[in-house]
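The values are calculated or read from the model by the stated rules, or taken from the named source; none is laboratory data. Being a predicted model, the structure only gives us computed values, none of them experimental. Please note: Cβ atoms are built from the backbone with ideal geometry, for glycine as well, and neighbour counts cover all protein chains shown.
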Amino acid sequence: MGFPIQLRRISFFVCVFGYYVECSVAQTNSRGHSSVGSEDHDQGSSYFFYQSPDHPRDCREVRDQCQSPVSNGVYLIKPDGYPQPFEVYCDNEIESGGWTVIQRRIDGSLDFQRNWEDYQRGFGFPSSEVWVGNERLSFLTNQNVYELRVDMVLSNGTSFHVNYNSFRVSDEWSKFILTSMGNYTGDAGAVITFCPQNMLYGNCTCASTCEDPSGTLNCQKSCDQSEGCVCQEGFLLKENECVHPSECGCYSAEENRVIPNGETYVNAACTEKCTCNGDQLNCDATYQCSSDATCRVEGGVRQCYCNEGYEGDGETCTPTFTDCNDVRAAGHTQDGVYTILPSGWSKSPFDVFCNMTIDGGNWIVFQRRNRGATSFYRNWDSYQSGFGDIRDEFWLGNDKLHYLTQQGTYELRVDFVSSSNSAKYAKYNRFRVDSAANKYRVTDIGTYSGNGGDGMNNVEDENFSTHDQDYDELSYDCAEKHRSGWWHGGYYYSYSSSYCNLWRDGSYYRRCSESSLNGDYNGGNGQNINWNYSNYCHIKYTEMKIRRIS
């Protein structure tokens, strides 16, 4: 039966007999019932007839005029004054029957969002979902005194009903006003919950609470099977009361909202991070973005986010640049200091100076000498980890140089200024340095080009040496004799002031190496900075750098 709303006449008129009316159920269409609003009826069927008024005026007359008990079903009625008979569903079981069903909702198969004309005329099917029509309802309820019964079933299966002992609807001219309802009886009070202040009855008890403002935590995705009181819009449940959000413990005035339990938010300036714990909002005023991060909103969440080329939580950002090529790829074109993290490097990221202008740029500078303020007469550990100021005089470090040159194919460029102020350079199309276990040996130096001379033609396969760890091929310590951490690989050394000019290529003697760019800046007697043995002594400026080419 679904959820019917039905009428039954309480008093009725005296009948004048003399016509035939069918006492069986009306014939139906192919759907099992006739459509409401249609006036097409076949009265030529082989039904049993008896003397009675033209047509029953309602379902009570259907029940009373038939000689045998009348079952539930669709019957033709014609209220006083209505021009044509029409079909209605008669309920003859509840409370001794005689009920004319005026509305039924069962399964949502019929759309009740209709216009005025549809509600005036009626729609649906009498034995299924139906609205009998306001015009018919007006004629029905104005021919005598009618009572109204509404039967309802909740989604949880609980059923109840209400009765009103007087029900009347006015005509079209007065917009079908409900002119009478009478007194209420029924059992609805046993199942209907009367909601407290600031609450409404709804079909979903997944309430929005101070702890869960969105009402989604621990809630079924579908609330169709749950009914109850819920807070009105703009209120949240706190214990058993609906309160304004400002009364919740985790209400943020800056955000103008309640922060759910366990959720963290960052304020607009990214200078404070607050977390809701229970009903207490705890804020950390020490929160701030890394210098490599920006305060912004991503995916609806505001916080510190690491800039391009960095990764982390925004408070701490780790660079994802592996060398100066990556720096360029990120759009940086200015010479300067950048933080990188080479592949395989397990220690902290480190700063490098990227020369982005000379010879196409992208050069990682790993050595610079310019005024002699920094001593390069250092031990093995210093050369291994690096020393100096990368914006001034420095050595980047052999460990870093090893990991950098293992990432791909790197080329080497040496720029220097001679004692006569001539700017020179030398390039080698490959350069690779081995690990500490292999004494930072130069495993590849490639082919020379440039205008400064090939000052590193004998460093390939040579170990790095310092005054405290001698790994050159001589019986004496070239690094100590020439005060230079370097890839020494010659056969002789000298303290002579004519060191640079005395031994030329092809002579009987050869020096410890054909260059020594880490010697004493102001040194003499073979201890100074030199390049390409006989050609350049007392060099004023040097800069060594590498660039990835594949």
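You will find that of N458, N463, the residue that is within 56 Å of the chain's Cα centre (by Cα) and not in a strand (DSSP E or B) is N463 and no other.
Among residues that are out of contact with any Asp or Glu (no Cβ under 8 Å at 6 or more places or on another chain), surrounded by fewer than 18 Cβ atoms within 10 Å (Cβ to Cβ) and at pLDDT 95 or above, Y119 is included. Taking the criterion of being in contact (Cβ under 8 Å) with a residue 24 or more places away in the chain and either farther than 23 Å from T322 by Cα or surrounded by fewer than 19 Cβ atoms within 10 Å (Cβ to Cβ) (or both), the residues of region 413-426 that qualify are D415, F416, V417, S418, S419, N421, K424, Y425, A426.
Here is a yes/no grid of residues against (1) part of a strand (DSSP E or B); (2) out of contact with any Lys or Arg (no Cβ under 9 Å at 6 or more places or on another chain); (3) under 30 Å from N518 (Cβ atoms); (4) free of Cβ contacts under 8 Å to residues at least 12 places away in the same chain:
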residue: V297; (1), (2), (3), (4): yes, yes, no, yes
residue: Q303; (1), (2), (3), (4): yes, no, no, no
residue: T322; (1), (2), (3), (4): no, no, yes, no
residue: T333; (1), (2), (3), (4): no, yes, no, no
residue: P342; (1), (2), (3), (4): no, no, yes, no
residue: S348; (1), (2), (3), (4): no, yes, yes, yes
residue: V352; (1), (2), (3), (4): yes, no, yes, no
residue: I364; (1), (2), (3), (4): yes, no, yes, no
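Looking only at region 431-442, decide whether some residue is in a strand (DSSP E or B), touching a residue at least 40 places away in the same chain (Cβ under 8 Å) and crowded, with 19+ Cβ neighbours inside 10 Å. Yes - at least one qualifying residue is present in region 431-442.
Residue-wise test of (1) over 30 Å from D64 (Cα atoms); (2) in contact with a Cys (Cβ under 7 Å, 6 or more places away or on another chain); (3) assigned to a strand (DSSP E or B).
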{"position": "C90", "(1), (2), (3)": "no, yes, yes"}
{"position": "T100", "(1), (2), (3)": "no, yes, yes"}
{"position": "Q103", "(1), (2), (3)": "no, no, yes"}
{"position": "G108", "(1), (2), (3)": "yes, no, no"}
{"position": "D111", "(1), (2), (3)": "yes, no, no"}
{"position": "Y119", "(1), (2), (3)": "no, no, no"}
{"position": "S128", "(1), (2), (3)": "no, no, no"}
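Pairs linking a residue in region 396-412 that is under 10 Å from I546 (Cβ atoms) and touching a residue at least 24 places away in the same chain (Cβ under 8 Å) to a residue that is among the polar types (S, T, N, Q) and surrounded by fewer than 23 Cβ atoms within 10 Å (Cβ to Cβ), with Cβ atoms under 6 Å and 6 or more positions apart or on different chains, are E411/N429.
Confirm whether Y338 is buried (at least 19 other Cβ atoms within 10 Å of the Cβ), touching a Phe, Trp or Tyr at 6+ places or on another chain (Cβ under 7 Å), outside any loop (DSSP other than H, G, I, E, B) and touching a residue at least 60 places away in the same chain (Cβ under 8 Å). Spelling it out, it is not the case that Y338 is buried (at least 19 other Cβ atoms within 10 Å of the Cβ), touching a Phe, Trp or Tyr at 6+ places or on another chain (Cβ under 7 Å), outside any loop (DSSP other than H, G, I, E, B) and touching a residue at least 60 places away in the same chain (Cβ under 8 Å). The single condition among (1) part of a strand (DSSP E or B); (2) in contact with a Pro (Cβ under 7 Å, 6 or more places away or on another chain); (3) of a type outside the set (D, E) that K424 does not satisfy is (2).
Once region 309-327 is narrowed to residues that are surrounded by fewer than 17 Cβ atoms within 10 Å (Cβ to Cβ) and more than 19 Å from the chain's Cα centre (by Cα), the residue that is farthest from V352 (Cα to Cα) is E315. When residues in region 254-275 are screened for being within 28 Å of S290 (Cβ to Cβ) and either outside any strand (DSSP E or B) or among the acidic types (D, E) (or both), 12 of them pass.
Residue-wise test of (1) at pLDDT below 90; (2) more than 21 Å from G133 (Cα to Cα); (3) surrounded by 13 or more Cβ atoms within 10 Å (Cβ to Cβ).
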site	(1), (2), (3)
Q27	yes, no, yes
S30	yes, yes, no
D42	yes, yes, no
Q51	yes, yes, no
D64	yes, yes, yes
K78	no, no, yes
G81	no, no, no
P85	no, no, yes
Y89	no, no, yes
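Within region 373-391, the set of residues being among the charged types (D, E, K, R) and part of a loop (DSSP other than H, G, I, E, B) comprises R378, D389, R391.
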